[in-house]
Structures are given as structure tokens and as C-alpha cells.
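Written out below as C-alpha cells is the structure these notes cover.
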Amino acid sequence: MSMPEPSSAAAQGVTQPRLSAGRGHTAAVPIGQRWGEYLYFTSIVLAVVPFGAVHAIPLGLSAVVTCLVLVLSLGRAVTNPAIGRLIVQAAGVAALLTGWLLVQSLSAPDILPSHPAWRSVERDFGAIEPSISINPNATAWSLIDLATPFLSFVSALILFGNDTAAARLWRFLRLFGLGVTIFGLAQFLILPNTILFYEKWAYHGSLTATFVNRNSAATFLGLVALLWFGEFLGNMRRLAWRDLADRLSSFRWGGGDDLSHVLRAALATFLCLGALFLSTSRGGLIATTLGFSVVFVAMDGGAAAARPGALWRLLAGLGLLLMVFVLFGGLALQRLRVQGADEDRLCTYLSTVEAIRDNWLFGTGFGTFANIFPLYRDPSCAGIEGVWDRVHNSYLEAILGLGLIFAAPLIYCASRLVSTFRVGIATRRRQRHFAAVGLGVLALVASHALVDFSIQIHGVAMYWVAILAATAAIALGRSGRVM
């Protein structure tokens, strides 16, 4: 992605470059910044490629690299006060949750309230050291899953805290996501029963790319599709419709004009949405539809719709989505029509709510759902079988594990991100598509978390927060006000 000539507008007295999506940058990048960015990109690759980092080794490597990036970036100056405040606030939320997990894991019976389950254990097996968590080891290990995305978000805001650097992160996320998508499509068409270099052990007939679960793959593919759709809309805004006939007559696929960028972004969006439909994920399809709807409203709603060309952009975007829907939507829609609502999950939700009623104040310990759920599992639910180690609703699982304290950071983080992207939509006219995509990916993941656990997969979470960081940095690029 290249950066055009610097504009005369300034943010807090610092001149900011005007972004131009899809082109290579011209300004030289200091070697320290360049290696910091490469290291950050590596943390994302390590999180996504090896099965979404659901196993200990890639998870640990991704976490170590993320911590290293944060340490190396701490000495950098943050010139935008609005981004500086967002960094401090994100770090504060991370510190609060980390501290609470440590408290849940402590064995201090005279100071902290312990879970009632420890009493029966003590009665049967003698003296113990109880804790809030029913499995303190699991809670301590889950700190990696909880804290690493926050650390990644903070380090990304520091490293990519201006328009030029954030555009490089945006470009990497688009191209890397497209690479994973193309790999997933090729593997699904050529070796449909394999995942990476192994034989598939689940979800045969569904495209899962580098992920194990089709719903996790669908969330990732939906995020990539939104990135490319934002690129499509951003280039459409610069396309001179009066000269379109001349541009078509002289069009070259590898050219660097606006029309070439529009068509390449449209093709990439088409591929990502096609892969999403081939995953046959019902929740992923619905959540991505919601994300695209949010982007449409943010880009061309209200006063924005009156701008010249807005109607053409809207019609072109809708036409692209309709074409993909007609070609690839049959599999996912057939599964949605035949299977309908998942009664097994509904039954699990009700049992989890019952567990929350008994542990609403302090929780059972983060990461302990698999330990506590058998005590509340409803035997009358004939459809439930096997071992359930996830609720398939990230909010219910977090409330059960963390207790009432989870409500405050959840509401605060959601409102803070929404306000950030609203500022970007209102103030970044040429770069409105970045803020709109940020709002769209927030809606996508937040809605899918109601019916699945994709955000609890490390690879999905790390890719998501990287998008949030890039779009937030650009959204606040010309804002220094307190929000």
C-alpha cells in the first residue's frame, strides 16, 4: 500500500500523510521500525497458520514473540494524544483482568473466598489450600489466551500509531489473509480431506483453511473479506466515473490506476466470500452479513449518501455480494434450512446459566468451563453427547469463569471502540472506509461470539485485534480530543 503526497492537514501540529489504499509506500522506514513490524507480522503468522494456535507450542511462540514486540516498542514516542490514551486504557483493562486471574488462582483461604467445591474435597481428602478457581492451574494457564491479544493490540498501536505505518499493517493483514484464503480454497478443491499436512479428523466437506473448526475459519474468512471490501470501497471513492469508458478501453490488469485496484479488490472479496460460504458455517454467514451491513451504513449512511458517486458505490458493492451469494451460498443456506437452530447449544446455554446463578459473584475461575459444566449438565437434553469443553457462547463462558467483574471491562471496551470508529467516520473523509471496516469487524466478531467460541481461538483473536489496532490508529489520526 503506497502513501500519496502529504496533505496540509495536521493533527496536534503533526503533519499526517494522506492514505491511498492498495499502493506501495514511498517513504523510507527506519530499520528499527522495520524489524519491529516484521516481528509483529511474525506473531500474527504464528497465531494463524498452525491450526489457529490451538496447541501449546504455536500458542507459546506467538505469545513470546508478542511480548518481545511490546518490550521493543515501549521506548517509542506516541505523538497522537488520542492514540496514547487508547493505549493506556487498553493496558489498564489488561492489567485488571490479569490481576483478577491471578487472584482467582491464589491459595489464600484466610483472605479470599474459596469455591464451595473445595469443601467437599477437603472433607474427603484432608487439608487442602482452596482458591476461588476450581482449577487454579487451568486459570493460570488461560492467562496466555486472555492477555496476549491485549498485548498485541497495545504494541500495534505503538508500532503502527500513524497513518503511514497503520496502512502498512492494513496491507499486510489483507495480503496475508488472502494468502490463507487461497491456500484454503486450493486445499479444499484438490485435497478436501486434509488440513495443512494432516488428514482431517473433523468437519469433512467444509472448508477450514488452516483452522480445525469451520466456525473459526468462517470468522477469519469473514474478517479478511471485510478488509478487502473496505479496500474495494476506498478505491471506488477515488474512481473518476466520468472517465470510466476511457479507463476500460485502456485497462491493464497489472496496472496501477484506480480501476485496476478496484477490480483486484473486488476479486479478492469474491474469493474470500466464496471460501466463507464453502465453510458451511451458519453463524459465520450471519455474522459476516451483519458486519457488511454495518460497513454499508457507516460508509454511505446519512449525509455521506448525498456525496457524488455514493449510489454507484452502494450498487457496485451490493452487486458484488449478490454475485457471490448466488454462486456459493447454497451449501450454507441448505445447512441453515435443514438443521435450523442448534438445540444442543441451547441446552448447554441453559445449563451454563444455571451454573452462573451459583457462581455469579466471583466466578469459577477463567478457563474452567470443562471442569464445572459436568456438575450442571442437564441429562434430559437427549441431543447432548460427547465432551463439551466450550459453551459456544463466549459471553456466558467468560461470565461463568470471571464472575460479575467481567461486565465492566466488556461494556467499557465495546463502547470505547465504537466511539473510536465513530470519530474516524466523522473526521476521516478520504479514509472513512478504514473506520467503517473497524466497526464492521467489531460487529462481526461480537455477534458470532453469541453462538460460538471463535474469539477464544488464539489465531482469530490475534488477527482481529490487529485489524482493530490498524483501523483505530487511522480513525484517530486527526483527533487529539478526549473521548
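Any residue in the stretch 259-280 that is at positive phi sitting within a Cβ distance under 7 Å of a residue that is hydrophobic (A, V, I, L, M, F, W, C)? List the pairs, counting only those 6 or more apart or interchain. Partner pairs satisfying both residue conditions: T280/L331; T280/A332.
Going residue by residue through the stretch 472-480, is there one that turns out to be surrounded by fewer than 24 Cβ atoms within 10 Å (Cβ to Cβ), under 27 Å from A63 (Cα atoms) and polar (S, T, N, Q)? Checking the stretch 472-480: not a single residue is surrounded by fewer than 24 Cβ atoms within 10 Å (Cβ to Cβ), under 27 Å from A63 (Cα atoms) and polar (S, T, N, Q). For the stretch 194-213, the candidate set comprises residues that are surrounded by fewer than 23 Cβ atoms within 10 Å (Cβ to Cβ) and in contact (Cβ under 8 Å) with a residue 12 or more places away in the chain; within that set, the residue that is nearest to A47 (Cα to Cα) is T210. Only a single criterion out of (1) open to solvent by less than 50 Å² (accessible area, probe 1.4 Å); (2) in contact (Cβ under 8 Å) with a residue 40 or more places away in the chain; (3) of a type in the set (A, V, I, L, M, F, W, C); (4) outside any loop (DSSP other than H, G, I, E, B) is not satisfied by L404, namely (1).
Hey, could you check the stretch 154-180 for residues that are open to solvent by 20 Å² or more (accessible area, probe 1.4 Å) and among the aromatic types (F, W, Y) and say which is farthest from F369 (Cα to Cα)? Per the criteria, the residue is F172.
Taking the conditions (1) more than 20 Å from L404 (Cα to Cα); (2) at pLDDT 85 or above; (3) of a type in the set (D, E, K, R) in turn, D342 satisfies each one other than (2). Restricting attention to the stretch 343-376, the residues that are touching a helix residue (DSSP H, G or I) at 6+ places or on another chain (Cβ under 6 Å), buried (at least 16 other Cβ atoms within 10 Å of the Cβ) and not in a helix (DSSP H, G or I) total 7. Any residue that is in a helix (DSSP H, G or I), in contact (Cβ under 8 Å) with a residue 40 or more places away in the chain, within 14 Å of the chain's Cα centre (by Cα) and over 17 Å from A298 (Cβ atoms) - is there at least one of those in the stretch 428-447? No; the residues of the stretch 428-447 include none that is in a helix (DSSP H, G or I), in contact (Cβ under 8 Å) with a residue 40 or more places away in the chain, within 14 Å of the chain's Cα centre (by Cα) and over 17 Å from A298 (Cβ atoms). Residue check: V387 meets all listed conditions (1) in a helix (DSSP H, G or I); (2) within 24 Å of G284 (Cα to Cα) but one, namely (1).
The stretch 236-313 holds no helices (runs of 4 or more DSSP H) entirely within its bounds that carry 2 or more residues that are of a type in the set (A, V, I, L, M, F, W, C), modelled with pLDDT under 55 and under 15 Å from L223 (Cα atoms). What's the number of the only condition in (1) part of a helix (DSSP H, G or I); (2) in contact (Cβ under 8 Å) with a residue 12 or more places away in the chain; (3) more than 22 Å from L146 (Cα to Cα); (4) not acidic (D, E) that T79 fails to meet? Here T79 meets the rest and fails (1). Assess whether L39 counts as being modelled with pLDDT of 90 or more, open to solvent by 50 Å² or more (accessible area, probe 1.4 Å), in contact with a helix residue (DSSP H, G or I) (Cβ under 6 Å, 6 or more places away or on another chain) and within 30 Å of V212 (Cβ to Cβ). In short, no.
If you check A225 against the conditions, is it small (G, A, S) and assigned to a loop (DSSP other than H, G, I, E, B)? For A225, the condition - small (G, A, S) and assigned to a loop (DSSP other than H, G, I, E, B) - is not met. Within the stretch 377-401, the set of residues being open to solvent by less than 50 Å² (accessible area, probe 1.4 Å) and either of a type in the set (V, I, T) or more than 21 Å from L143 (Cβ to Cβ) (or both) comprises C381, G383, I384, W388, V391, H392, N393. Of the residues screened, I190 is not one that is over 30 Å from T98 (Cβ atoms) and either touching a strand residue (DSSP E or B) at 6+ places or on another chain (Cβ under 8 Å) or open to solvent by less than 20 Å² (accessible area, probe 1.4 Å) (or both).
Listed conditions (1) modelled with pLDDT of 85 or more; (2) surrounded by fewer than 18 Cβ atoms within 10 Å (Cβ to Cβ) are all met by A140, apart from (2). Scanning the stretch 59-76 for residues that are free of Cβ contacts under 8 Å to residues at least 60 places away in the same chain and in a helix (DSSP H, G or I), we see that the one that is surrounded by the most Cβ atoms within 10 Å (Cβ to Cβ) is V65.
The values are calculated or read from the model by the stated rules, or taken from the named source; none is laboratory data. In this text, all values refer to a predicted model and were calculated from it rather than measured experimentally. Quick reminder, even Gly has a Cβ in these numbers, built from the backbone with ideal geometry, and neighbours come from all protein chains shown. All accessible areas refer to the heavy atoms of the entire protein, side chains included, with ligands and DNA or RNA removed. Shrake-Rupley method; radii C 1.70, N 1.55, O 1.52, S 1.80 Å.
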